[in-house]
Amino acid sequence: MDFLNTFRIALRALARNKMRSSLTMLGIVIGVGAVIAVVSIGQGAQYLVQQGIQSMGTNAVFIAAGSGRPGGARMGFWAVKSLTLEDLAAILREVPLIRQAAPAVISRGQVVYQNQNWNTSILGTAPNYFDIRSWAVQSGTAFTQEEVDYAANVCVLGTTVANMLFPGESPIGKTVRIGNLPFRVVGVLESKGQSVMGDDQDDRIFAPYSTVQKKISGITWIQFINASAVTPEASVAAVRPITALLRERHHIRAGEDDDFFVRTQSEVADLANQTQSVMTLLLGSIASVSLLVGGIGIMNIMLVSVTERTREIGVRMAVGATEGDVQSQFLIEAVTLSMMGGLAGIIAGLAGSALISSLLNWPTMISLKAIIIAAIFSGAVGIFFGYYPARKAAQLDPIEALRYE
Amino acid sequence: MEEQQAQSGEGGAWAVIRLEEVAKTYDLGEVQVHALRGVSLEIGRGEFVAIMGASGSGKSTLMNILGCLDKPTRGRYFLDGVDVSGMSKAELARIRNRKLGFVFQQFNLLSRTSALENVELPTVYAGIAPEERTRRAREALARVGLAEREGHYPSQLSGGQQQRVAIARALVNKPQIVLADEPTGNLDSRTSVEIMDILQRLNEEQGLTVVIVTHEADIAHYAKRAIEFRDGRIRRDRPIEERLIAREVLPTLPAPEGPEAEKPEAGAAPAKDAAPVAPRA
Ligand SMILES: Nc1ncnc2c1ncn2[C@@H]1O[C@H](COP(=O)(O)OP(=O)(O)OP(=O)(O)O)[C@@H](O)[C@H]1O
Ligand SMILES: [Mg+2]
């Protein structure tokens, strides 16, 4: 008996119990749907990480005050006064792998323009910060070294802040208030989107570090150094000399912990990637459990179906169906069930990831590989869990089957 | 009429069915049930045999063996000169498909499947192309007078009509033998005669070998030969002397009641269809 025929018989048998068939498929639909959605979201995250690396610059080296050691009593960089402008100068002087470096102090505050106000973070830094992060100014200009030297009240806005305070208006030349201080807006940056960690990098105001240190935070130290190495490889190679230099400058004895930490962009990316793949693995295993449960559901329904149709099987055998005919009939039925579930699952997964991406503003990437694997997997589930019921049907004794009530 | 001579005698030409000391024993652990205790039997081409006997005498067991649904415990069974006792399941399935046609007491049609598709079923397993399948199924349905009902489901057909669909299904692969285990067991007497009419016509016009099991002596009178079983053995094997011809008996029976009288189909249609159908070679 040819395949097309068997397939038709299978479709008809499934159509006879539409409700039952669709409920049976549900497990597979959920399993496959979850796989597709998880993979699309995971790939979207990977894409974000890649973007993050590019946006930070692959040469970036990041130095922060405080201990980077996870666990233990960790002091935040807020409280640690260890990092200074002299440290920055020493690094530039003594580590030739580092080409440029910008200090950073961070603060939070309410920013007001006329009747608009917005709570955001204020980053105090030097003009070369925008270079190091390869972050272009979209309109106006960045502040100058001169303005840093004078601790001028000037600022550059991230696009989110610009949009919040100046809807439909150019902020350049306008004056905003941060706390009680007036700041003149000299420029607006290009949009950079989300960071690797998922926060909005455009929701920030940039001002000279000296201004932030003296007039907002009231501190003399700095919190981070954003440095840039001569090449991507140099960024990794620079970690050791920087560590040695800072330990010496901070008088840290052998065996004592650092009071700062150094990260390169590739490390951050690795970390983010790792977290991503753990998540994907976790969700993937939940999805495969769902596939397994779906498969068991198919097996169960197929066994019921074989019992219900015992007489039909007897009749088919009496008129000439071989064991193989009966077996392939039920096997194809099971595979049709699981493949249809798989197809519905792929559609549901794509719809689900589209929904997530629009709700959470998180990019999703449709993976053709995942779709193909899901389709193959659902077929395999049908074969695996359909085999036993089909075998059972094929091995019925025709006489007993015909007599079955 | 010459056909009939050849068929009536046990000798005839070549026996389509030959049993040699066939026994069937069911081993139920503690007890052994001897359903058949050594049956030797020859049935020639074109015969019409009625198998009779008390309940439990082994008639169905014999039919299952003749129909290649079951294998004898002992003895040999030659079908069309070929020993089928040692054949594989797949080979037996092929023989059931090509050489044999079954009719059951419970009709055994597939529910929620049209009459036409029910009739087509054996052709599906014979690997016949779809158009040819439909053509043959229509032809077989016409032969039993149900051409107009091809789209009906079994639940929309009377018992007699369902049994005629079952006969059409038995015929569709042009078998040599039709085996019917109590084909009229679930039918009233008039409908039973209509079924016998169809079987008699097939036997005479197509030279089909027919073996039926029946409890009713008057049904056996439509056959040409009666074999009586008792306790797993043949007790009596004799030709039917005053054979009844269903075509002649039908007009004497009271006409069926109700608006949906079956008479025009059962009585007249086969006669009408008989002409275009050529006798089997
Ligand atoms: N599968 C089986 N297992 C055990 N015993 C069986 C089986 N099938 C039939 N028998 C026994 O074999 C004997 C013959 O049974 P069979 O069905 O051939 O009788 P029968 O002549 O067809 O009777 P009836 O007229 O009631 O249909 C009976 O005693 C029955 O109990
Ligand atoms: Mg019986």
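The values are calculated or read from the model by the stated rules, or taken from the named source; none is laboratory data. The structure displayed is predicted, hence computed values, not measured ones. Here Cβ is always computed from backbone atoms with ideal geometry, including for glycine, and neighbour counts include all displayed protein chains. In case anyone asks, the SASA skips ligands and DNA or RNA and just uses the protein heavy atoms, side chains included. Shrake-Rupley method; radii C 1.70, N 1.55, O 1.52, S 1.80 Å.
With a Förster radius of 41 Å, plug the Cβ-Cβ distance of B:Ala90 and A:Asn17 into 1/(1 + (r/R0)^6) and report the FRET value to the nearest 0.05.
0.85
Kirkwood Rh and Cα-based Rg: tell me the resulting Rg over Rh for region B:122-266, rounded to two decimals.
In region B:122-266, Rg relative to Rh is 0.98.
Checking the a/c ratio against 1.5 first, then a/b against b/c, what shape does the Cα gyration tensor give for region A:165-290?
Oblate, since a/c reaches 1.5 and b/c is not below a/b.
Specify the longest stretch of chain B that does not include any exposed loop site, a site being one of the GluC sites (Glu not before Pro) with a non-H, G, I, E, B DSSP assignment and at most 12 other Cβ atoms within 10 Å.
B:31-240
Rounded to whole Hz and in sequence order, give me ³J(HN,Hα) for region B:196-201 from the Karplus expression 6.51 cos²θ - 1.76 cosθ + 1.60, θ = phi - 60°, writing x for Gly and Pro.
5, 4, 4, 5, 5, 4
Please work out the FRET efficiency for the pair B:Trp14 and B:Tyr153, using the Cβ-Cβ distance as r and a Förster radius of 45 Å; give the result to the nearest 0.05.
0.65
For region A:83-258, give the magnitude of the charge dipole about the Cα centre (Cβ charges: +1 Lys/Arg, -1 Asp/Glu; no others), in debye to the nearest 20.
Approximately 320 debye in magnitude.
Looking at chain B from every direction and averaging, what is the projected area of its Cα convex hull in nm²?
15.2 nm²
Mind pulling the angle between the C-alpha long axis of helix A:323-359 and the longest principal axis of chain A? Nearest 10 degrees, somewhere in 0 to 90.
Roughly 20 degrees between the two axes.
Do you know the Lys pair count in chain B for C-alpha distances under 28 Å, with sequence separation 8 or more or different chains?
Lysine pairs satisfying the spacing and distance rule in chain B number 25.
Amide H to amide H, which residues 5 or more places from B:Ile128 or on other chains are under 5 Å from it, using H placed in the peptide plane?
Those qualifying (amide H under 5 Å, at least 5 residues apart or on another chain) number zero.
Could you estimate the translational diffusion coefficient of region B:30-172 from the Stokes-Einstein equation, with Rh from the Kirkwood formula over C-alpha pairs, at 10 °C and 1.306 mPa s, in whole µm²/s?
Translational D for this selection: 94 µm²/s.
Using only protein heavy atoms and a 1.4 Å probe, report how much of A:Trp135 is accessible, in Å² to the nearest 10.
10 Å²
Compute log10 of I(q)/I(0) for chain A with the Debye formula, placing one identical point scatterer on every Cα and leaving out solvent, at q = 0.08, 0.10, 0.12 Å⁻¹, to two decimals.
-0.62, -0.77, -0.94
How far is the Cα center of region A:269-292 from the Cα center of region A:114-130, in Å?
Distance between centres, Cα-based: 37 Å.
Going by a ≥ b ≥ c, the root eigenvalues of the Cα gyration tensor, does the protein assembly as shown fall in the rounded group (a/c under 1.5), the prolate group (a/b larger than b/c) or the oblate group?
prolate
Using a Förster distance of 60 Å, how high is the FRET efficiency between A:Ile372 and A:Gln110, based on the Cβ-Cβ distance and rounded to 0.05?
Plugging the Cβ-Cβ distance into 1/(1 + (r/R0)^6) gives 0.70.
Residue by residue, what Karplus-based ³J(HN,Hα) values in Hz, rounded to whole numbers, does region B:38-54 have, using 6.51, -1.76 and 1.60 with θ = phi - 60° and x for Gly and Pro?
x, 10, 10, 7, 10, 10, x, 4, x, 6, 10, 10, 10, 9, 10, x, 5
Return the long-range amide H neighbours of A:Ser139 (sequence gap of 5 or more, or a different chain), with a cut-off of under 5 Å between placed amide H atoms.
Those qualifying (amide H under 5 Å, at least 5 residues apart or on another chain) are A:Val188.
Over chain A, with every protein chain in place, what whole percent of the accessible area is carbon and sulfur at 1.4 Å, could you tell me?
The value for chain A is 62 percent carbon and sulfur by accessible area.
Using modelled backbone amide H atoms (1.01 Å from N, in-plane), which distant-in-sequence or interchain residues come within less than 5 Å of B:Gly44's amide H?
Excluding prolines and chain starts, which carry no amide H, the hits are B:Val16.
Would you mind giving the total buried accessible surface between chains B and A, with a 1.4 Å probe and ligands, DNA and RNA left out, rounded to the nearest 100 Å²?
Approximately 2000 Å², summed over both chains.
Could you derive backbone 3J(HN,Hα) for region B:115-122 from the dihedral phi with the Karplus parameters 6.51, -1.76 and 1.60 (θ = phi - 60°), listing whole Hz in sequence and x where the residue is Gly or Pro?
Once θ is set to phi - 60°, the couplings for region B:115-122 become 4, 4, 5, 4, 5, 5, 2, x Hz.
Could you state the accessible area per residue of region A:83-258 in Å², with a 1.4 Å probe and every protein chain left in place?
With the other protein chains kept in place, region A:83-258 gives 46 Å² per residue.
Any idea what angle helix B:89-98 forms with the longest principal axis of chain B, computed on alpha-carbon atoms, 0 to 90 degrees, nearest 10?
40 degrees
Just the Cα atoms of region A:83-258, one point each, no solvent: what log10 I(q)/I(0) does Debye give at q = 0.10, 0.11 Å⁻¹?
Each listed q maps to, in turn, -0.42, -0.50.
Each label point is 7 Å from the Cα along the Cα-to-Cβ direction; what then is the distance between the points at B:Val31 and A:Asp397, in nm?
The two pseudo-label positions are separated by 1.6 nm.
Just in region B:92-157: which chymotrypsin sites (Phe, Trp or Tyr not before Pro) are loop by DSSP and have at most 13 other Cβ atoms within 10 Å?
none
Relative to the longest principal Cα axis of chain B, at what angle does helix B:130-143 sit, 0 to 90 degrees, rounded to 10?
The angle comes out at about 90 degrees.
When you look at the Cβ of every residue in B:85-94, what mean number of other chain Cβ atoms sits within 10 Å?
Averaged over the peptide's residues, the number is 3.
Can you list the lysines whose alpha carbon is less than 26 Å from that of A:Lys81, not counting same-chain residues fewer than 8 positions off?
By straight Cα distance, A:Lys81 reaches A:Lys214, A:Lys215.
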